[in-house]
Structure formats: structure tokens, C-alpha cells
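Chemist: Quick one: this structure, given as C-alpha cells, is what I'll be asking you about.
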Amino acid sequence: MRLSSVSDAIHALRPILEDGSSEVTQDELSTLLALAARLFANRSSDPYAAVALAGLEMTATDACTVAVALLRAQSLTPFDLSMWFASTNFERS
């Protein structure tokens, strides 16, 4: 299947999440997460702005699970993250 836009990809992926019986490999999940993260980091005009992820359909547990997995995959610690967090232009609102 060839998708012509990110919107098409999102539309194609939603049913897989909703259908618990669809087979998805760990490699496929890892690749999808890496592509989504890289797309967000490279294409977001201001990835640290609160509006960048406003309305995100994700629980805090989902967010923390992904954050920890990404940190571990890059051999980063919470200290490394805190240093990165402190060095960004992130402002609390």
C-alpha cells in the first residue's frame, strides 16, 4: 500500500490500534516510533511549545512508557534528560 500523505498513514494506522487482534511486530513498532519521533523533531516549527502537542490523544502512562523506552534506547539517564530539558527554550505556562 502506498500512502500519499501523513494523514493517509494516520488514517491507516488507527484501526490497527483499535483492533487488538492485528499482528504487529516489535520491529514494526520500533520503526514506526522512530519515524514519528524523527518527523516531529525535524518538521515541528517549535517542538517545545505547549501547542505542539495540544490535544494529544495519549495518557500520561503512554507518554512515560515511550519516554523511558526512548531514553533507554539511547543510553540516556533521567539526569541527561533534565540537562536537556533545562537547556531548551521551554517556558512553563
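Chemist: Look at residue 32 and say whether it is of a type in the set (A, V, I, L, M) and either loosely packed, with under 12 Cβ neighbours inside 10 Å or part of a loop (DSSP other than H, G, I, E, B) (or both).
Modeler: On the way: of a type in the set (A, V, I, L, M): yes; either loosely packed, with under 12 Cβ neighbours inside 10 Å or part of a loop (DSSP other than H, G, I, E, B) (or both): no.
In short, no.
Chemist: Okay, moving on. Could you check how many residues of the stretch 64-90 are within 28 Å of residue 17 (Cα to Cα) and modelled with pLDDT under 90?
Modeler: The qualifying residues number 0.
Chemist: Please determine, by comparing only the residues of the stretch 47-63 that are on the phi < 0 side of the Ramachandran plot and loosely packed, with under 10 Cβ neighbours inside 10 Å, which one is modelled with the highest pLDDT.
Modeler: Top of the filtered list is 61.
Chemist: Looking at the stretch 40-58, which of its residues are more than 24 Å from residue 84 (Cβ to Cβ) and either in contact (Cβ under 8 Å) with a residue 60 or more places away in the chain or among the charged types (D, E, K, R) (or both)?
Modeler: Hit for the stretch 40-58 is 57, nothing else.
Chemist: Does residue 66 meet the test of being out of contact with any Phe, Trp or Tyr (no Cβ under 7 Å at 6 or more places or on another chain), in contact (Cβ under 8 Å) with a residue 12 or more places away in the chain and surrounded by 12 or more Cβ atoms within 10 Å (Cβ to Cβ)?
Modeler: The answer is yes for residue 66.
Chemist: Between residues in the stretch 12-39 that are on the phi > 0 side of the Ramachandran plot and at pLDDT 90 or above and residues that are in a helix (DSSP H, G or I) and surrounded by fewer than 11 Cβ atoms within 10 Å (Cβ to Cβ), which pairs lie under 7 Å by C-beta distance while being six or more apart or on different chains?
Modeler: none
The values are calculated or read from the model by the stated rules, or taken from the named source; none is laboratory data. As the structure is a computational prediction, the values presented were derived from the model and not from experiment. Neighbour counts are summed over all protein chains in view; Cβ atoms, including those assigned to glycine, are modelled from backbone coordinates with ideal geometry.
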